[in-house]
Amino acid sequence: MSVLDALWEDRDVRFDLSARLLVTNLRILWHSLALPRVNVSVGYNCVLNITTRTANSKLRGQTEALYILTKCNSTRFEFIFTNLVPGSPRLFTSVMAVHRAYETSKMYRDFKLRSALIQNKQLRLLPQEHVYDKINGVWNLSSDQGNLGTFFITNVRIVWHANMNDSFNVSIPYLQIRSIKIRDSKFGLALVIESSQQSGGYVLGFKIDPVEKLQESVKEINSLHKIYSASPIFGVDYEMEEKAYFADGNKQQDREPVFSEELGLAIEKLKDGFTLQGLWEVMS
């Protein structure tokens, strides 16, 4: 079984899971504090829209709420979350930012045909992606005549493009690969890649000559696929920004406020020997 065949977290909406409250790189999990068995897992791939609107809360009355519209298979769900901490939008901004990071990194996870993959005959690398091998003279066997092109093997995916037309290409993430084998074809021995059922169950054939190079490539791809399966790179990169800092760690109490001519507002009186200009230089 491939990684993706077992991976449902970002592509499903499920209820009654183990009790958690998480915003992850693949999904949102919520559970009731009173009844932990009442819970939901919302995969980002199911999300159609995320907005914030005013809602009526039994606990808070009129309050800002996060509305998440989803579609799983043919069923639509709308989830409404309110934050019990007034004036703290971190829940909303975190969910929306992580979902945006997920949406802009689908090349790591999705099977793609005819995408903007190549620039100046070179693969446009994704963050965290490294090319392990580039093979010229690889035939794509999807047509009766075959198409001559170039093969890229990376730590994230396999990419092929036609030499005569860069836009005729395919990107196959390891996350979507079900099997990698050598099979006989009408063109002779060929590398055959079968994609997962979730990606459409494609069977793609590539002819690599000589046979020794074909065998070497299959061994390399299988090795990289195994490494990836043990530690997948999903491509969702998001870091929480620290909104506060404490610059005066030895202070026992706040100093009196004074008016700053430079800033035009009241600030805490600076310690002896400190200036606003000096503090700005520390920040920069």
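The values are calculated or read from the model by the stated rules, or taken from the named source; none is laboratory data. Note that the structure is predicted; figures quoted are calculated from it, not measured. Methodologically, a virtual Cβ is constructed for each residue, glycine included, from the backbone with ideal geometry; neighbour enumeration extends over all protein chains shown.
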Kindly evaluate Thr63 against the criterion of being within 18 Å of Ser32 (Cα to Cα), out of contact with any helix residue (DSSP H, G or I) (no Cβ under 7 Å at 6 or more places or on another chain) and modelled with pLDDT of 75 or more.
no
Has segment 237-245 got any residue that is surrounded by 14 or more Cβ atoms within 10 Å (Cβ to Cβ) and either of a type in the set (A, V, I, L, M) or closer than 14 Å to Ile158 by Cα (or both)?
no
Do we have any residue at all in segment 189-198 that's part of a helix (DSSP H, G or I), under 19 Å from Phe152 (Cβ atoms) and out of contact with any helix residue (DSSP H, G or I) (no Cβ under 6 Å at 6 or more places or on another chain)?
no
Return a yes/no flag: does segment 87-102 have any residue that is surrounded by fewer than 18 Cβ atoms within 10 Å (Cβ to Cβ), more than 22 Å from Ser199 (Cα to Cα), under 14 Å from the mean Cα position of the chain (by Cα) and assigned by TED's automatic domain parsing to the domain that holds Asp209.
no
Considering Glu78, Glu103, Glu129, which residue is closer than 22 Å to Asn222 by Cα and charged (D, E, K, R)?
Glu129
